[in-house]
Amino acid sequence: MDRGVWIIAEQWNGKLKRVSFELLARAQRLADKLGDHLSAVLLGYHIKRAAQELIYHGADVVYLVEHPRLFQFDPDPYANCLERLIREERPEIIVAAATTTGRTLMPILAARLHTGLTADCTDLDIEEGTGLLLQTRPAIGGNVMVTIKTPNHRPQMATVRPRSYKPSPRDSSRSGEVIVKDYPDELFASRFKLLGLERPREETVNIEDTEVVVAVGKGIGKPENLKWIRELAELLDGAIGASRAVVDLGWLPYPHQVGLSGKTVSPRLYLACGISGAIQHLAGMRGSELVIAINKDPRAQIFKVADLGVIGDLTEILPRLIQRLQRLKSKGEKG
């Protein structure tokens, strides 16, 4: 019986998603504090090689369920298999990603198992003395941070946002155990029928995967000034991010939105232009390595998280910054 810490790994066409390694890194901290081992659950078809990768990235045990019906995500067989596995092994803690898969599966499991679920956590920890999972997340529209515990029911369950934690490193010298679970065909029955797959109509550059994000807030003044943001993003080989206010105004479409109600990013450089720094927005970019903020309000909250802050008018600073970058780029190309 496994009473340790579990993560629900995610894969696509047999290849593990980055978020699986992020979950392992988060959960490893929890397992270490509890003095327990770390397990991963992997569902799919033709995925045995991926199971070994989970061990290389930190899992001590991998529970593997393979079946043709698990090739594409389907809530019914996925939830059925996970419920059966959880009842058999009875883990203490289960952590999943706040992706489409995680946000679909975890509420179903919580209802079936009669336990609690804390969604979109920004931090997870273990309480000293009790060993309970501390699940921290924004509440009341992101204006406060609350910590939630599940003292009376098991497993303790939480989801965390992708790109909110660095992935665990790969160590091919690690060894672990892959436990293959064989379940009866009735567990793979589904009420759903897959009609096809269609790519979302979004921007060609995914802000979650780029190394540089040039983000814009309402402080840009008017939509015409977005031309400077586009130029900056192009010069820096980056993507354009936006605050919720900019998206609500219709200046940029939703795929650019960073924050609790948008996307979570963790670029090497996050350039915040005219962003005040509301807690909802900060939660979406807290994993950035270097944060540079430009704002004319010296009391803007963004300066509290910025590595470098520039106080001034964007309409004066951005054109000069663009000219400087253009000159540097021109010199580099000539050299």
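Side notes on the structure shown:
- Enumeration of residues in segment 247-277 that are at pLDDT 90 or above, surrounded by fewer than 20 Cβ atoms within 10 Å (Cβ to Cβ) and not in a loop (DSSP other than H, G, I, E, B): 247, 248, 269
- Out of 115, 100, sole residue that is modelled with pLDDT under 95, surrounded by fewer than 18 Cβ atoms within 10 Å (Cβ to Cβ) and of a type in the set (Val, Ile, Thr): 100
- Verdict on residue 219 being on the phi > 0 side of the Ramachandran plot and either not in a loop (DSSP other than H, G, I, E, B) or not aromatic (Phe, Trp, Tyr) (or both): no
- Every listed requirement among (1) more than 18 Å from residue 230 (Cα to Cα); (2) not in a strand (DSSP E or B) is met by residue 309 save one, (2).
The rows are residues; the columns are (1) β-branched (Val, Ile, Thr); (2) under 20 Å from the mean Cα position of the chain (by Cα); (3) under 19 Å from residue 5 (Cβ atoms).
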residue	(1), (2), (3)
81	no, no, no
93	yes, yes, yes
113	no, no, yes
122	yes, yes, yes
138	no, yes, no
146	yes, yes, no
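- Just one residue in the set 118, 136, 130 is in contact with a Ser or Thr (Cβ under 9 Å, 6 or more places away or on another chain) and either in contact (Cβ under 8 Å) with a residue 24 or more places away in the chain or more than 18 Å from residue 284 (Cβ to Cβ) (or both); that residue is 118.
- Filtered residues of segment 38-62 (kept if touching a helix residue (DSSP H, G or I) at 6+ places or on another chain (Cβ under 6 Å) and either in a strand (DSSP E or B) or surrounded by fewer than 21 Cβ atoms within 10 Å (Cβ to Cβ) (or both)): 38, 40, 42, 43, 44, 45, 62
- Among the candidates 112, 69, 90, the residue that is in contact with a helix residue (DSSP H, G or I) (Cβ under 6 Å, 6 or more places away or on another chain), in contact (Cβ under 8 Å) with a residue 60 or more places away in the chain and charged (D, E, K, R) is uniquely 69.
The values are calculated or read from the model by the stated rules, or taken from the named source; none is laboratory data. Keep in mind that what you see is a predicted model, and the values were worked out from it rather than measured. Neighbour counts are summed over all protein chains in view; Cβ atoms, including those assigned to glycine, are modelled from backbone coordinates with ideal geometry.
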